[in-house]
Structures are given as structure tokens and as C-alpha cells.
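> The structure's right below; bear with me while I get my questions together.
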Amino acid sequence: MPQLQLYQSLMPKLDRDTVLAEKLAQALSRVAQFRDREAFATLFDHFAPRIKYFLMRKGSNAEQAEDLVQEAMIAIWSKAALYSPEKGSVATWAFTVARNLRIDRLRRERAQLYETLEDFDAEDETPSAHESLARAQEDTAVSRALAQIPEEQRQLLILSYVDDVPQSEIAQRLKIPLGTVKSRMRLGYQRLRKILEQIS
Amino acid sequence: MNLSHHLDDATLLALASGTIAHAHGIVAASHVALCPACAKALRNAEAIGGGLLAEGELEPVSDMARAATLASLDGVAPAQRKPVRKSELPAALDHALGGLNLDQIKWKKKAPGVALFDVPMPKGSTSALKLLSIGPGRVMPEHGHGGEELTMVLKGSYTDHMGTFGPGDVADLDDTVEHTPVADSGETCICLVAVEAPTRFKSVWARLFQPFVGI
């Protein structure tokens, strides 16, 4: 629809990102309700290359990353009905699905630590329109906030979340005390939390 | 549950990003399971991962992998919600103990009124997880920490200069803190304690128990 594209190109980036996040949320909901393969393909095309990038930054080679991407996407297909906006945006949920799979692969024996974190969410709550919209805005708000926090805080969050470096190792690498690593990360997080609390 | 001692934000970030040491992760996840405030804070911390993923770069996925994924969907059943668990222990700890409950623990006596159990960890863990049982009225010696230590009370309570810690409360301590916990509730206090692996910080348990057993 060229008219829609034109309209979207005139919209501020924030709104466009919110439209995208809503589209992904709708696709996930269609997978959950109708096992809709076309909706799943939309999710695959959006998330698979992003998850693969994350995995490669964390040290997987291309082949391992591609295997794990497939597993993560199949987990998204299988767990779609377990998603609720309580868990955060669709991107946040996709992040946790990929994180959990990767860590369980690394730790194997008796290690389903992150799976246990999936157990206690509120069940089957029908999200209000307000809540769904808040979730759709969440990724954009977080990205914008990440762009606004001081570089020294953002750098540490990226080392943790993208590159998978433990805090003690960050301290060694950057030759700063562990206490400083933690306090910078806390500051970045507190800023983001304020923003998230405003929109939800 | 009304808890008064919570996880440090830096610990929540380590849990959310997936970089937390395994033993510390089990203690943190056990607290989160009991503490709605920390559960909400964890979701906010996970949103950082979502934001970075959403904004992140793309690494093209092969057509073969895409086709293989789409072709395998029919064989994949929808995941079911897990049944409500019967264990009295938080799920992460229940898992780590392989379903044992606290009455079935084979304690190793370390000193009068003090016993210890090593929770098995996956191979190659950089952290160790212990159950610690402190008899009523027993005083732990003042001790600092060689490395990061995360403790959650499972039963009973103890008091130190930071206050009283009851079931579900966590003491999230780094190596700068010294404290002298007293099991003061008239019942045995059972704690779950994550420490950095002994290979990295040999002194932790030595220091902790030295006054009792002279290790």
C-alpha cells in the first residue's frame, strides 16, 4: 500500500516504531490463537536476524548461531500462547526466550534456571488496550532512553546484554573497580526504569 | 510475602542480561519468585535487552534455515503452562536440589549448631551454592567476603547490623561488607548462600568457619 508507506515515512520515527511493535504483537497473537504460519513468518523475518546478531556478538559461530536461532524461533512458535504483556514487549519476550535457550545449552545439567522465571507470571490476563499500547511503545522508549544516558553507562549495559560479559570481567577489562561498574549500571537502569514506569 | 531486604539493582541486571554466576542466579531467581517488587524490577531490566534487540543490527539468516524452521512447525505442539508445583521451595532451588526438600538434606556438621550442605552445580560453574543451618542463638563470627556473596533466608531468621532477615529476604553483599549474623528467632535458621567458586576465593568458607572448626 503505497499510501500507507508514504504516511509512515512522514510519521516521526517514534510512531513508526510503535506501529512496528504493534504489528509484531498482532502477529504473535495470531500465532497464539490460530497457529497462523504467515504471521509466524513475519516474526521470523523480524527477529531471526536480530537474534542471530546477538548470538554472534556473544561468541557463537555462524553455524551455532543459526541452529540456536531456529530453536529460539520454534520456541516462540510453541510458547506464543504463554506470552502476556505482563512479560514486557514482544521484543523483550523474544530476548528472554533466546537468552534462556542459550544459557540452558551452556549449562545443561539440572540448570533450567531461567525456565523457572517463566513460572510465576500472571496467567491469562486479557490485556487492556492501554497496556498493549504501552508495551508497543516500550521498545522505542527504551531505545531512546539508551541513546540519552551517558556513554559510560550505555557501554556497560551493551557489554552485559549484547556481549554477555559478567560484571567482574567488565571491571577487569576496563580496569575500573567492580563497585564503579555496578554503580554505573544501576544509574543507567534507574533512568530507564523511570521512563518505563511513566508509560505503563 | 512482605519482604524487607531485596536484590541490588546490579544483581537484577546480571540476572536479566544472563551474565549472573549460576549459584547467584539460583538465589536471585528464588527471591524473585517470592517478591512481586523484584519480579517487576526484573521485567524492567529485561526490557533493556528487548530495546537493544529491537534496535540491534541484523545478521542475515540463510534461506535454508528459514525454510527448515517453517517446515518443522507442524511437528511442534503448543507449550503448556506448567502445573502448579507442590514444593515448599522456590522453583529455581527445587530444581537445583533435584526435588529434595529441606527435611531430606544430608547435612555435614561443621561445628556445634552449624551444618552445611553443598548444592551440586553444573560442571565448570564459577560459583558455589551452599545450604547453611545455624542453630538458635548461634552467632556467626564477624566476617568480610572474598568476592560477591548472595544469601537468602529459607527458614527462621537472623539479625546483623543491617537488620533482621526472615524467610525470602536476601543479603546482597560485596567484599567490602563485614557482618556478624545471629540466629535470633529461637529456631534454627536455614540460609541459601551463593559464593564465588573456591578456586577463585579460597578464603571465603575458611574465613567463615575458621573460628568453629579451624579449617
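The values are calculated or read from the model by the stated rules, or taken from the named source; none is laboratory data. Not measured: the values here are computed from a predicted model. Cβ coordinates were reconstructed from backbone atoms using ideal geometry, including for glycine residues, and neighbour counts include every protein chain displayed.
> Is it true that A:Gln70 is at the interface with chain B (Cβ under 8 Å from one of its Cβ atoms), out of contact with any Pro (no Cβ under 6 Å at 6 or more places or on another chain) and of a type in the set (S, T, N, Q)?
yes
> Answer yes if at least one residue in segment B:14-34 is more than 7 Å from every other protein chain (Cβ to nearest Cβ), modelled with pLDDT of 95 or more, closer than 20 Å to A:Ser89 by Cα and within 20 Å of the chain's Cα centre (by Cα), and no otherwise.
Looking through segment B:14-34, at least one residue is more than 7 Å from every other protein chain (Cβ to nearest Cβ), modelled with pLDDT of 95 or more, closer than 20 Å to A:Ser89 by Cα and within 20 Å of the chain's Cα centre (by Cα).
> How many residues does segment A:147-180 contain that are under 18 Å from B:Gly49 (Cα atoms) and in contact with a helix residue (DSSP H, G or I) (Cβ under 9 Å, 6 or more places away or on another chain)?
Count: 21.
> A follow-up question, please. Which residues, counting only those in segment B:1-23, are in contact (Cβ under 8 Å) with a residue 24 or more places away in the chain and of a type in the set (A, V, I, L, M)?
B:Met1, B:Leu3, B:Leu7, B:Leu12, B:Leu13, B:Leu15, B:Ala16, B:Ala21, B:Ala23
> Run down A:Ala75, A:Ala65, A:Ala81, A:Ala94 and say which single residue is under 18 Å from the mean Cα position of the chain (by Cα), at the interface with chain B (Cβ under 10 Å from one of its Cβ atoms) and under 20 Å from A:Thr140 (Cα atoms).
One residue alone meets the criteria, A:Ala94.
> Report whether or not B:Leu73 is surrounded by fewer than 24 Cβ atoms within 10 Å (Cβ to Cβ) and either closer than 17 Å to A:Arg99 by Cβ or at the interface with another protein chain (Cβ under 7 Å from one of its Cβ atoms) (or both).
yes
> Please find, within segment B:158-174, the residue that is surrounded by the fewest Cβ atoms within 10 Å (Cβ to Cβ) out of those that are modelled with pLDDT of 85 or more and farther than 19 Å from B:Ala33 by Cα.
Here is the first cut: in segment B:158-174, the residues modelled with pLDDT of 85 or more are B:158-172.
Okay, now just the ones that are also farther than 19 Å from B:Ala33 by Cα, so B:158-164.
On the way: B:Tyr158: 25, B:Thr159: 17, B:Asp160: 18, B:His161: 10, B:Met162: 13, B:Gly163: 12, B:Thr164: 15.
Top of the filtered list is B:His161.
> For segment A:136-180, name all the residues that are of a type in the set (Asp, Glu) and assigned to a helix (DSSP H, G or I).
Within segment A:136-180, A:Glu138, A:Asp139, A:Glu151, A:Glu152, A:Glu169 qualify.
> Residue by residue through segment A:54-68, note down the ones that are buried (at least 22 other Cβ atoms within 10 Å of the Cβ) and in contact (Cβ under 8 Å) with a residue 24 or more places away in the chain.
The answer is A:Phe54, A:Leu55.
> Additional query: Tally the residues that are assigned to a strand (DSSP E or B), surrounded by 17 or more Cβ atoms within 10 Å (Cβ to Cβ) and at pLDDT 90 or above, restricting the search to segment B:135-157. Don't jump to the end; show me each part of the working.
Just the residues of segment B:135-157 that are assigned to a strand (DSSP E or B), to begin with: B:139, B:143, B:149-155.
When the remaining residues are screened for being surrounded by 17 or more Cβ atoms within 10 Å (Cβ to Cβ), the result is B:143, B:149-154.
Then keep just the ones that are at pLDDT 90 or above; that gives B:150-154.
Total satisfying the criteria: 5.
> OK, next. Hey, B:Ala91 hits all of (1) under 30 Å from A:Gln70 (Cβ atoms); (2) modelled with pLDDT under 85; (3) touching an Asp or Glu at 6+ places or on another chain (Cβ under 8 Å) but one; which does it fall short on?
Answer for B:Ala91: the failing condition is (2).
> Of everything in segment B:76-111 that's away from chain A (no Cβ under 14 Å) and either touching a Lys or Arg at 6+ places or on another chain (Cβ under 8 Å) or part of a helix (DSSP H, G or I) (or both), which residue is nearest to B:Ala23 (Cα to Cα)?
B:Leu102
> Kindly establish whether B:Glu57 is modelled with pLDDT of 90 or more, surrounded by fewer than 13 Cβ atoms within 10 Å (Cβ to Cβ), at the interface with chain A (Cβ under 7 Å from one of its Cβ atoms) and within 28 Å of A:Tyr161 (Cα to Cα).
It is true that B:Glu57 is modelled with pLDDT of 90 or more, surrounded by fewer than 13 Cβ atoms within 10 Å (Cβ to Cβ), at the interface with chain A (Cβ under 7 Å from one of its Cβ atoms) and within 28 Å of A:Tyr161 (Cα to Cα).
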